[in-house]
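Below: one structure, written as structure tokens.
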Amino acid sequence: MTIGQTLLGLLEEAGPRHGYDLKRAFDERFGHDRPLHYGQVYSTMSRLLKNGLVEVDGVEPGDGPERKRYAITEAGVTDVASWLAQPERPEPYLQSTLYTKIVLALLTGRDAAGLLDVQRGEHLRLMRELTRRKTEGDLADQLICDHALFHLEADLRWLELTAARLGRLAAEVGA
Amino acid sequence: MTGPLLHAENLHKTYRSTPALEGAGLAISAGEIVAVMGPSGSGKSTLLQCMAGIVRPDSGTVTYDGRVLSELGDAERSRLRRADFGFVFQFGQLVPELTCVENVALPLRLAGRRRRDAEQAALPWLERLEIAGLAGKRPGEISGGEGQRVAVARALACSPRVVFADEPTGALDSLNGERVMELLTAAARQSRAAVVLVTHEARVAAYADREIVVRDGRTRDLESSR
């Protein structure tokens, strides 16, 4: 996820905010597994400021560092719009670690089928966990979990297909 | 009871000259939901049928609640299937001439309950599966997803200790399939019924407590393969 554009979008939606409020809004909506670090927020905001995508709307002195309130600029709004309009590049994972592990297992005479089974078990375990979370959660949880579940399912199908083709793969890589 | 409720050990089954099971086994505790996965033709449905006493294995044993199924007579096995087991299949399991509530009440009537009594007992199950409005409709008048919910209600209505579900969402789109799985697993957990869930879909299997894989007629427990 692009943190800069997400924070910009949140600023556009809610009007001027402090970095702390932005972090809270981000974590609440998108940070289910990975809440932002304060450092990430402040370094991102400095970059956006430098690039003219946000401006300082006010400064409040406090006990610690002074609290800047940020507002989105015209250029910032345009940046969010063009980011949303741009399709994401599908990630084909052509050089997957799993493929490398399987080939290496075959080449070194290890149990490649066992490796696939262990990986399958791990994928299924995570799918169970996500399904439980989805069943107990709200619509946002369901959509987030579904996205992960569909990807894990695709991985699993690949693992199954690879298991069925292990003999041929072994012959082709010369194991 | 401390041991498994249902236990299949070293099952072998050959159809003509094609082996379907070659040493498969599975133990299920009371209230446990286990997904049986595997590619088409791997033997997973045969395993379910042997465990439910529908098909007799060539060798190996299936023990249910301390009784070996193959040692029971046909009548006793039928009684067990009616009283203790519930079934959900992919499709074609509802009686087309009966309304939904009559379909759900059917196993209760077969168990000797009077018509009105059985239908009274069936209604809460339709409510639980969120299809109370379909009580008076016939299977031909409802959608596939609704039909599967009726089938789930029917499987659970006789308070079975084990539900056998063979590709219960196989004919449904993913949204309907997921809803059926949510309702099936929630209702089974509430009733403390064990479920043997045969599926080739990982997303469906993820509703279970654990999975085993059937490959070439043998079972493999992924949890213990680490």
Exercise. Given the options A:V118, A:V54, A:V77, which has the most mean-square fluctuation in a GNM of chain A, springs set between C-alpha atoms less than 10 angstrom apart?
Worked result: A:V118
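Quick one: putting +1 on the C-beta of Lys and Arg, -1 on the C-beta of Asp and Glu, what dipole do you get for the protein assembly as shown around its Cα centre, in Debye to the nearest 20?
1260 debye
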Exercise. How far apart, in nm, are two points set 7 Å out from the Cα along the Cα-to-Cβ line at B:S174 and at A:H37?
Worked result: 3.4 nm
Seminar exercise, completed: Pseudo-spin-label distance B:A186 to A:E13, built 7 Å along Cα→Cβ, given in nm, is 2.7 nm
Problem set entry | Two-decimal ratio, the range A:97-174, of alpha-carbon radius of gyration to 2.2 N^0.38 Å | 1.34
Seminar exercise, completed: Taking every C-alpha to C-alpha distance in the range A:3-85 and binning by 10 Å from 0, the per-bin percentages run 18, 54, 25, 2, 0
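With the cut-off at 1.5 for a/c, could you classify the range B:125-195 from its C-alpha gyration tensor as rounded, prolate or oblate?
On the way: a/c = 1.84, a/b = 1.28, b/c = 1.43.
Oblate is the answer for the range B:125-195, as a/c is 1.5 or above yet b/c matches or exceeds a/b.
Please give the charge dipole size of the range B:6-221, origin at the Cα centre, charges +1 on K and R Cβ atoms and -1 on D and E Cβ atoms. Round to the nearest 20 debye. Walk me through the numbers on the way to the answer.
On the way: 28 positive and 27 negative charges, 102 e Å.
In total the dipole reaches around 500 debye.
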For this session: Within 10 Å of each Cβ in peptide B:201-213, how many partner chain Cβ atoms are there on average? Round it to a whole number, please.
Result: 6
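Rounded to the nearest 0.05, what FRET efficiency do B:L123 and A:R67 have when you use their Cβ-Cβ distance and R0 = 45 Å?
On the way: r = 61 Å, r/R0 = 1.35.
About 0.15, to the nearest 0.05.
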Seminar exercise, completed: Restricting to aspartates and glutamates and to Cα separations under 16 Å from A:K50, and discarding same-chain partners fewer than 8 apart, the set is A:E74, A:D79
Exercise. Extent of chain A along each principal axis, from alpha carbon coordinates, in Å, largest to smallest?
Worked result: 67, 36, 35
Problem set entry | Projected-area average for the range B:1-145 over all orientations - Cα convex hull basis, square nanometres | 10.7 nm²
Exercise. Taking B:K137 as the anchor, which aspartates and glutamates have their alpha carbon closer than 17 Å to its alpha carbon, excluding any fewer than eight residues away along the same chain?
Worked result: B:E97, B:E102, B:E119, B:E127, B:E146
For this session: For helix B:115-128, report the angle its Cα long axis makes with the longest principal axis of the Cα atoms of chain B; keep it between 0 and 90° and round to the nearest 10°.
Result: 80 degrees
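Magnitude of the Cβ-charge dipole of the range B:64-167, K/R +1 and D/E -1, about the Cα centre, nearest 20 debye? Numbers along the way, then the final one.
Values: 16 positive and 15 negative charges, 73 e Å.
For this selection, approximately 360 debye.
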Seminar exercise, completed: One finds the C-alpha centres of the range A:81-147 and the range B:131-192 to be spaced, in Å, by 29 Å
Seminar exercise, completed: In chain A, taking the dipole from +1 charges on Lys and Arg beta carbons and -1 charges on Asp and Glu beta carbons about the Cα centre, the listed residue (A:T97, A:G4, A:V56) farthest towards the positive end is A:T97
Problem set entry | Theoretical gain in end-to-end length, A:Q86 to A:R29 [0.36 nm per residue, Cα-Cα removed] | 18.4 nm
Seminar exercise, completed: Counting as exposed only GluC sites (Glu not before Pro) in DSSP loop states with no more than 15 other Cβ atoms inside 10 Å, the longest exposed-site-free span of chain A is A:89-175
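When the Kirkwood radius is taken over all Cα pairs of the protein assembly as shown, what Stokes-Einstein diffusion coefficient follows at 4 °C and 1.567 mPa s, in µm²/s?
On the way: Rh = 24.8 Å.
The estimated diffusion coefficient comes to 52 µm²/s.
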Exercise. Taking the Cα centre of the protein assembly as shown as the origin and placing charges on Cβ (Lys, Arg +1; Asp, Glu -1), which of B:V36, B:L72, B:T169 is farthest toward the positive end of the dipole?
Worked result: B:L72
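Would you kindly state how much longer the chain becomes between A:A164 and A:R47 on full extension, computed as 0.36 nm times their sequence separation minus their alpha carbon distance, in nm to one decimal?
Values: separation 117, 0.36 × 117 = 42.12 nm, distance 4.96 nm.
Taking 0.36 nm per residue and subtracting the Cα distance, the gain is 37.2 nm.
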Exercise. Within 10 Å of each Cβ of A:126-136, how many other protein chain Cβ atoms are there on average?
Worked result: 4
For this session: Would you mind giving the mean number of other chain beta-carbons within 10 Å of the Cβ of each residue in A:114-124, as a whole number?
Result: 4
Seminar exercise, completed: Quick calc, B:R218 & A:T78: beta-carbon distance into FRET formula, R0 56 Å, rounding 0.05, result 0.40
For this session: Return the loop-located trypsin sites (Lys or Arg not before Pro) in the range A:88-175 (DSSP other than H, G, I, E, B) with at most 15 other Cβ atoms within 10 Å of their own Cβ; answer none if there are none.
Result: A:R110, A:R165
Exercise. If you average 1/r over every pair of different alpha-carbon atoms in the range B:150-189 and take one over that average, what Kirkwood value in Å do you get?
Worked result: 10.5 Å
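Out of the range B:115-175, which GluC sites (Glu not before Pro) are coil in DSSP terms and have no more than 14 other C-beta atoms within 10 Å? It would help to have the intermediate numbers written out before the result.
Working: sites: B:E119, B:E127, B:E130, B:E141, B:E146; in loops: B:E130.
For GluC sites (Glu not before Pro) across the range B:115-175 that sit outside H, G, I, E and B with at most 14 neighbouring Cβ atoms in 10 Å, the list reads B:E130.
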Problem set entry | Extension gain from B:S29 to B:D58, taking 0.36 nm per residue of separation minus the Cα-Cα distance | 8.0 nm
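Every read-out reported here was derived from the displayed coordinates using simple, explicitly stated rules and does not represent laboratory data. Nothing here was measured: the structure is a model prediction, and the numbers come from that model. Every residue, glycine as well, gets a Cβ built from its backbone with ideal geometry; the counts of neighbours run over all protein chains shown.
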